[in-house]
Amino acid sequence: MHREFICIVCPNSCHISVEYEGTNIKDIKGDQCPKGRDYVKNEITNPLRVFTGSVLVENGDFPLVSVKTSSPIPKQYLKKVGEITRQMKVEAPVELGQIVARNLLNKKIDLIATRKIKKINKKNSLLS
Amino acid sequence: MAAAVACRQKGIEDILLIERGAYLGGILNQCIHDGFGLEKFHASLTGPEYAQRYIEQVIEKDIPFLLNSTVLNLTPQKEVIVINDKGLHHYKAKTIILAMGCRERTRGAIGIPGARPSGIYTAGVAQELINLKNYMIGKKVVILGSGDIGLIMARRLILEGAEVLMVAEKLPYSSGLPRNINQCLYDFDIPLLLSHTAVDIKGNGRLSGVTIAQLGKRGGVIPGTKRRIACDTLLLSVGLIPENELSRQAGIILDPVTGGPQVDERGQTSIPGIFACGNVLQVHDIVDNVSLEAEYIVEGVVEYLEGRLTKEREIKVELGEGLRYVVPQRLISRKDTIFSFRVNQPGQHKVLLFEEGRRLIKKKSLRRVNPAEMVRVKLSSLELEGIKRLKVRLV
Amino acid sequence: MKTTNNQFDVVIIGGGVVGCAIARELSRYNISIAVLEKEDDVGWGTSCRNSGVVHAGFNNKPGTLMAKFCVEGNRSFAELCRQLDVPYKKIGKLVVARKKEEIKGLKDLKAQGNKNQVKGLEIIDSTEIKRLEPNLAGIAALYSPETAITSPYLLTIALAENALNNGASFFLNTEVKNITKLNNSYFKITTNQGEFTSSYIINSAGLYADYIARVVGIRRYCLYPCRGEYHILDKNVSWLINHLVYPVPQAGAGGLGVHLTPTIDGNILIGPSNEYIRRKDNFSTTSQIMKMLSKEVREFLPLISPGYIIRSYSGLRAKQAPSSEGGFWDFVIEESDTIDNFINLIGIESPGLTAAQPIAQRVVEIINKKERLSPNPDFNPYRKGILRFEEQDEETKKNLIKQDPDYGEIVCRCEKVTKKEILEAINNPLGARSLISIKYRTRAMMGRCQGGYCLTRIIEILREHFDLNPEEITLKGDNSYLLTGYRSDEVSKPCKKKKSLSLEEELPVWQQQLPAGKKG
């Protein structure tokens, strides 16, 4: 298999082309530093991403609290985690950095709040 | 906020921050993805986290701010009229810092022909509706324009359960950052069609389809390449425009290319004592640079307030080949200056030259240039000393 | 929604500017009136898709109804707008010749205008043109001081609201499907919203008036949609021109040529084109015409650049003349000679806006001749529009915010529309709730950002007010929904069981492990 990468480690944005079979890398071309090589290796063997999204909040000053995974997670879980965040609800207040969900998918994926939500008493919440 | 905090750090006592939104942080609040703050805070933050760092400083430094307050008028005498639910207020200031950000280019501005159904959103509006208001805007989406917000929204829509059919980009190269193309498109197998644009829109009530066509080298549609894509949503990410209605009202001279005020090396506009920074001055691709620019221009604000912002011989920064614009557009002193550029087209192994007539002042090699990425170069007072002309070009 | 036994003396089919003007004129009398409009608001056909010009009347052939009603309409327009609180500005018009050959055309127009008794027409030279319009290129021009501009949609809305206030009923989203005459006396009108009966029917269905006539068996009319595309320019360049600027009309043309129209709101319109098309619901813009408009207009005004365009749109003229013939056929305003009490208004194209009131008066005359209508003693010709905060002086602004803090929230920043104005618009007496209805009433979303800043806020205000589901908010009624629902499944589908994801058995994990006090 052949793939072209644009390295995102630094602003040089090297265009790196890779020959590989499964997770077995055969040839890397176009990289200008070891960091680029590592980046491409990781992208092929175990690409990791930070998931970001939002979760519904009850009685908050915002209808949603934005969240992210506490550490990068395997790329293939991104959509599943997205689905979970659409079905969750948390209660205000929420502190920035607070863990709002733990061990998603039994993969030790935690979601932490990336904004602060104050509690308010909304009588006619649009969402209730 | 970055400018306000920097002002306070420099010892300015009497500051007022005016915000028309219901909260501080502006558009960062809806940018819930991460990747902000790598330069400024050496961490990959989400938009709300990045904003929070400044909100905390604003509160800690006791900087007064108004929310839900819109400036109706700005005068060359540095008077502002603000309205909010408490009434209409006048403020007179010694200096004003413009930090109004930018707005999105719309369908009307780029002239996509066809019907006018619902379901056509600019990427930022879609982002607000989804990330701040918990609404969903559609099920099958075509994205026009590969600007960063469009790319970010492609991923967002996928993660929120929609289908993203493609991103079509008019130019032969993407106008988004490589990082976003990787992580927002390639990760989800969303095709990026370069040299493609929308040539027709169908739908009486809701959008029912978009016709996409390939463009030739001179920008015309290549016959036989039109195809109709069935979709219910079209997202536009076709450029940002500095929001300078107030500046225009005050009579500040704008640069037709950046869309922002013409400024000197301290961010001072054509009206002495009115400064501009951030996306209202020039559209940035990285928020860290917005903060840095704000901190940088505050030095000029302090000098102005202390009567030290003196004019030596004013010169225009001349723009040579290969570059779309340069900020600042003029120099009034010969102090250390950060120049920002955007190049005309992508290229490799380029050299940026600063010249006074035929004399080379500074040379900077750039291995790879891209119109999507702003180039920033600092010239020291030593390098600028005594110059009478300045021209920059990319070869 | 009333569905049965809707009995009226007069049913007006079509809530365009003419239908609404007729409703208002008739509401001066003691009769029951209903306006049936198929769209979600009045004026969404040709009435809101035109140049907004109050013509002086020199373009129309002497002796025609078009000429007569145009001149009459022009003279009474300022008063009409004053009564209805609708903006009106007499800014004058220049028909500009760019070549020597066109000067004869100017003289002919002036002579025609004089015959129609248009006041103040004058042929001016290039020096005078430069004085009136410094940015304009031309060698001579016909100057018409009586030509004015108005807001075509605000006028239509105002006429409707005033008619409503004086007792007329309006039925929106009501499309006529069939009409029969019962016992040779009453009409029975079948619509998608039930049946109506009436003694009179006024067919002011605009583009579809031929269709409505055919429903009752009148086959002599045929209307061809003739599309005109426009560009709207940013308000920042409103200084480019001060007057309406037109080219010299070409012989046999079915339009007045691509012109420049300053709108009452401060934008400039470029257009319209003139193109016969097949479908009456095709309001698309096309790339060829969009390019052509930009090109043609630069011949007059070299300073105009495409960067000033904030939006493009199109409108359809209801043409009686087939495309092979072109030109203008006179308005038809008459009672059918085969079906008593059925009044047809056919081919009401330009200058229909200017002529709306005289046309309405003619319709009333026709009925009055047969019925001897008695006056409505409570008729009030005045109507108040939505107060525009932006246009007030500072003292008034202060007081307004004091009275109502909703004036202190600017919702639309480009056009400086306050929350109070949005609220007044969504509570309009006709009950129109779509975004376009709010836009026409307040100008919100009409500016250079085209709703980028205020759309979300307006959606929220609408929902707060009417308790609507997200899916129920529309751009322009019908199927033009803006949102497909909530982003989060749980609130949007409260009754439905969670989708059977592959994760189903894993879901309880996060529910159990949420921090204390946080429920899943």
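Every read-out reported here was derived from the displayed coordinates using simple, explicitly stated rules and does not represent laboratory data. Worth saying up front: this structure is predicted, and the values here are computed from it rather than measured. Here Cβ is always computed from backbone atoms with ideal geometry, including for glycine, and neighbour counts include all displayed protein chains.
Numbers for the structure displayed
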item	result
Neighbour-limited loop hits for trypsin sites (Lys or Arg not before Pro), the stretch B:83-121 (at most 15 other Cβ within 10 Å; DSSP other than H, G, I, E, B)	B:Lys86, B:Lys94
FRET efficiency estimate (nearest 0.05) - Cβ-Cβ, C:Glu391 to B:Leu67, R0 35 angstrom	0.85
Only Lys, Arg (+1) and Asp, Glu (-1) charged, at Cβ; chain C dipole about Cα centre in debye	680 debye
Relative contact order (percent, whole number), the stretch C:242-303, Cα cutoff 8 Å, 6+ residue spacing	25 percent
23 Å Cα-Cα threshold exceeded, pairs from A:Lys41/A:Lys75; B:Lys140/C:Lys476; C:Lys61/C:Lys291; C:Lys89/C:Lys384; C:Lys181/C:Lys369	C:Lys61/C:Lys291
Anchor A:Lys118: aspartates and glutamates whose Cα lies under 14 Å away (excluding residues fewer than 8 positions away in-chain)	A:Glu58, A:Asp61, A:Glu91, A:Glu95
Extension gain, C:Asn380 back to C:Arg219 (0.36 nm per residue minus Cα-Cα distance, nm)	54.1 nm
For chain C: relative contact order, % (alpha-carbon pairs under 8 angstrom, 6 or more apart)	18 percent
Under Karplus coefficients 6.51, -1.76 and 1.60, residue-wise ³J(HN,Hα) of the stretch C:445-456 in Hz, glycine/proline x	6, 9, x, 5, 8, 6, x, x, 7, 9, 3, 4
Neighbouring partner chain Cβ atoms per residue of C:455-466, average, 10 Å criterion	2
Dipole in debye (nearest 20) - chain B, about Cα centre, beta carbon charges: Lys, Arg +1; Asp, Glu -1	1560 debye
Over chain B: helical MRE at 222 nm, DSSP H runs n ≥ 4 each giving -39500 (n - 2.57), nearest 500	-5500 deg cm²/dmol
Residues with amide H under 5 Å from that of B:Ile229, placed H, sequence gap 5 or more	B:Val210, B:Thr211, B:Ile212
Per residue convex hull volume, Cα atoms of the stretch B:142-232, in Å³	90 Å³
Average beta-carbon neighbours from other chains, 10 Å sphere, peptide B:181-188	4
Percent antiparallel among DSSP beta bridges (both partners in the protein assembly as shown, rounded to 5)	75 percent
Amide N of the stretch B:347-368 lying under 16 Å from the label point, which is placed 7 angstrom from the Cα of B:Leu382 along Cα→Cβ	B:361-363
Principal axis dimensions, largest first and in whole angstrom, of the protein assembly as shown by Cα	94, 74, 62
Gap separating the Cα centres of the stretch B:326-395 and the stretch B:73-114, nearest whole Å	31 Å
Residues with amide H under 5 Å from that of B:Phe339, placed H, sequence gap 5 or more	B:Val377, B:Lys378, B:Leu379
Label point distance in nm, C:Asn192-B:Tyr173, each placed 7 Å from Cα along Cα→Cβ	5.1 nm
Hull volume in cubic angstrom per residue (convex hull over the Cα atoms of the stretch B:311-395)	77 Å³
Sequence of A:Arg49, B:Arg358 once ranked by neighbouring C-beta atoms within 10 Å, starting from the fewest	B:Arg358, A:Arg49
For the stretch C:415-423, 3J(HN,Hα) per residue [Karplus equation, 6.51 cos²θ - 1.76 cosθ + 1.60, θ = phi - 60°, Hz, x = Gly/Pro]	9, 6, 9, 8, 4, 4, 5, 4, 4
Distance in nm between pseudo-label sites at B:Ala22 and C:Asp330 (7 Å out along the Cβ direction from Cα)	6.0 nm
Using θ = phi - 60° and Karplus 6.51 cos²θ - 1.76 cosθ + 1.60, couplings along the stretch C:32-41 (whole Hz; Gly, Pro as x)	8, 10, 10, 10, 9, 10, 6, 8, 7, 7
Lysine pairs within the stretch B:297-395, Cα separation less than 13 Å, 8 or more sequence positions apart or different chains	11
Rounded Å value of the spacing that divides the Cα centres of the stretch B:284-311 and the stretch A:50-128	37 Å
Per-pair calculated FRET efficiency, R0 = 51 Å: A:Lys26 and B:Ile253 via Cβ, rounded to 0.05	0.30
Ordering of B:236-242, B:154-160 by packing [mean C-beta count within 10 Å, highest first]	B:154-160, B:236-242
GluC sites (Glu not before Pro) restricted to the stretch B:286-328 and DSSP loop, no more than 15 other C-beta within 10 Å	B:Glu306, B:Glu312, B:Glu314, B:Glu321
Inter-centroid distance (Cα atoms) of the stretch B:230-250 relative to the stretch C:321-398, Å	39 Å
Paramagnetic reach from C:Ser76 in the stretch C:352-371 [backbone N under 12 Å; point 7 Å along Cα→Cβ]	C:355-365
Helix-derived mean residue ellipticity, 222 nm - over chain C, DSSP H n ≥ 4, -39500 (n - 2.57), to 500	-9000 deg cm²/dmol
Equivalent ellipsoid semi-axes, chain B, via Cα gyration tensor eigenvalues times 5, rooted, Å	37, 27, 19
Prolate/oblate/rounded call for chain C, Cα gyration tensor, a/c under 1.5 rounded	oblate
Residue-averaged beta-carbon neighbours from other chains (10 angstrom radius) around C:285-292	3
Of the DSSP H helices in chain B, those whose Cα atoms cover at least 15 Å axially and whose Kyte score averages -1.0 or more	B:47-60, B:148-159, B:287-305
Relative pair counts by distance (%), Cα atoms of the stretch A:52-113, 5 Å bins	4, 20, 34, 24, 12, 5, 1
Amide H contacts of C:Gly477 (H built 1.01 Å from N, under 5 Å, at least 5 apart or other chain)	C:Leu435
Modelled FRET efficiency - R0 41 Å, A:Lys108 with B:Asn204, Cβ distances, 0.05 increments	0.25
